[in-house]
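Asks: Below are the structure tokens for one structure; questions will follow.
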Amino acid sequence: ACATPSRSRRQASSRAARFGHRESEAARLEACRLLLEGVAQAFHGVQLAREGVVIAEGNAEFTGHLLQNSERLYEAGKGSRSDMLNFRVHHHKAQAMLLDTEGQYEAARVALAALMNLPEAVLPAHIQVAEMDEEGPEAMREPDVKASLAYAMTHRPALDRGEYSLERARAIKKQQLAAYAPEVTVFGAWNIQRFNSGSFGSDDLDTTLGVNVSCDLFTGGRRRAAVSEARHAERQAQYELAGAEEEVAADVQRALIALNQAQRELVLQRSATADIEENRALEEKAYNAGKGALTRLNQAQRDLIEARGRLALARVSVQQAWYELRSAMGATLEDFGLVGEGATEGP
């Protein structure tokens with residue numbers, strides 16, 4: 001005899017398990033996307049910190065050069081002691097700034113190593129983060145808004161997770177509805193019996209075949225409650241999927257706005273830094289010729305250091321903004337071969 005439970009119940013149970021597995025895999029990919037975004041942010045943090053070291057080194061070199069000139073003039077009786085002491089103070093500040101930026105650079109390397117799960121959170125000394133590329137037309141181009149949104153809607157793991165969660169909820173609902181179906185049991189038997197005879201005849205054969213159908217007529221509301229719960233779970237999954245779609249669209253829109261702002265800021269800071277560099281050169285020339293004020297030279301140097309810092313931040317911000325846009329679209333996973341089921345290659 002064999003019992004044959006409802007086929008739809010078996011299929012629904014299998015689908016629920018299958019979609020549950022896919023839902024877990026999509027959640028894993030979403031976690032990977034966020035981890036990669038964190039690593040990228042730490043990577044760009046190291047690049048920015050190294051630019052800070054370069055700026056501080058240039059400042060220390062410039063103030064050191066001015067200090068040497070002022071010391072020679074003072075010793076020759078052509079310069080004042082106050083000017084020499086002024087340059088010495090600024091050179092000490094420049095050296096302190098250099099020490100501070102070097103510490104920030106090492107701290108940024110530790111943060112990156114920790115996210116990369118390197119032993120003892122140490123990035124080996126022979127491993128150097130790549131220098132920032134010069135921003136060309138590709139970095140400064142305007143991305144396609146519609147294409148970015150469309151790509152995100154088919155590649156973000158969060159949406160895959162929501163869809164699989166909805167399919168799993170639907171399968172569970174079908175599984176609960178299948179409880180109303182009857183259970184069919186098919187049984188059969190074939191026997192041979194003989195007594196005091198060496199041969200078999202038709203009278204010795206006994207065949208039994210039957211079908212048994214059973215169903216629960218009353219369960220105290222258990223089935224109805226289970227179906228109601230499954231329907232509410234399905235409705236909740238629908239709302240969560242719709243919310244995930246809105247959140248993904250918002251992520252892409254925010255990333256597009258941030259990229260546009262970063263690009264505009266970079267253009268502004270490049271222009272401002274060029275003007276300030278020219279002004280510092282003119283103030284230095286005027287001071288060396290005895291026609292400029294020391295305070296103006298000091299201010300011009302401070303302005304230049306600040307401008308170079310803002311320019312470095314603007315350059316890193318453009319790189320980070322592009323990565324965050326690709327991350328919001330779900331495109332960064334493909335760079336490491338982390339593509340979910342049914343996904344296609346990115347642009």
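Asks: Please verify whether A312 is buried (at least 16 other Cβ atoms within 10 Å of the Cβ), out of contact with any strand residue (DSSP E or B) (no Cβ under 7 Å at 6 or more places or on another chain) and modelled with pLDDT under 95, treating the condition exactly as stated.
Replies: When the stated conditions are applied, A312 does not pass them.
Asks: Please go through (1) surrounded by fewer than 21 Cβ atoms within 10 Å (Cβ to Cβ); (2) touching a residue at least 12 places away in the same chain (Cβ under 8 Å); (3) hydrophobic (A, V, I, L, M, F, W, C); (4) under 24 Å from A281 (Cα atoms) for L338 and return the number of the only condition it doesn't satisfy.
Replies: All conditions are met except number (4).
Asks: Among the residues of segment 146-172, which ones are of a type in the set (D, E, K, R) and either modelled with pLDDT of 95 or more or surrounded by fewer than 23 Cβ atoms within 10 Å (Cβ to Cβ) (or both)?
Replies: K146, E163, E167, R168, R170
Asks: Restricting to segment 58-88, what's the tally of residues that are in a helix (DSSP H, G or I), farther than 18 Å from L304 by Cα and either out of contact with any helix residue (DSSP H, G or I) (no Cβ under 7 Å at 6 or more places or on another chain) or small (G, A, S) (or both)?
Replies: 8
Asks: So if I check each of A249, A226, which one is outside any loop (DSSP other than H, G, I, E, B), under 32 Å from the mean Cα position of the chain (by Cα) and small (G, A, S)?
Replies: A249
Asks: Do we have any residue at all in segment 20-32 that's at pLDDT 85 or above, out of contact with any Lys or Arg (no Cβ under 7 Å at 6 or more places or on another chain) and under 30 Å from Y105 (Cβ atoms)?
Replies: yes
Asks: Still on this structure, please answer the following. Looking at E142, E102, which one is touching a residue at least 24 places away in the same chain (Cβ under 8 Å) and part of a loop (DSSP other than H, G, I, E, B)?
Replies: Step by step, each of E142, E102 is checked, and only E142 is touching a residue at least 24 places away in the same chain (Cβ under 8 Å) and part of a loop (DSSP other than H, G, I, E, B).
Asks: Among the residues of segment 288-340, write down those that are within 23 Å of A244 (Cα to Cα), assigned to a helix (DSSP H, G or I) and in contact with an Asp or Glu (Cβ under 6 Å, 6 or more places away or on another chain).
Replies: S327, A328
Asks: Let me ask you something else. For segment 132-141, indicate whether the set of residues that are within 30 Å of L268 (Cα to Cα), under 38 Å from the mean Cα position of the chain (by Cα), of a type in the set (K, R) and surrounded by fewer than 15 Cβ atoms within 10 Å (Cβ to Cβ) is non-empty.
Replies: yes
Asks: Then there's this: From (1) at positive phi; (2) in contact with a strand residue (DSSP E or B) (Cβ under 7 Å, 6 or more places away or on another chain), pick out the condition that doesn't hold for N117.
Replies: (2)
Asks: For segment 219-246, enumerate the residues that are over 15 Å from A16 (Cβ atoms), in contact with a Leu (Cβ under 8 Å, 6 or more places away or on another chain) and aliphatic (A, V, I, L, M).
Replies: Scanning segment 219-246 gives L241, A244.
The values are calculated or read from the model by the stated rules, or taken from the named source; none is laboratory data. Please read all numbers here as calculations on a predicted model, not as lab measurements. Using ideal geometry, Cβ is built from the backbone for each residue, glycine included, and neighbour counts are taken over all protein chains shown.
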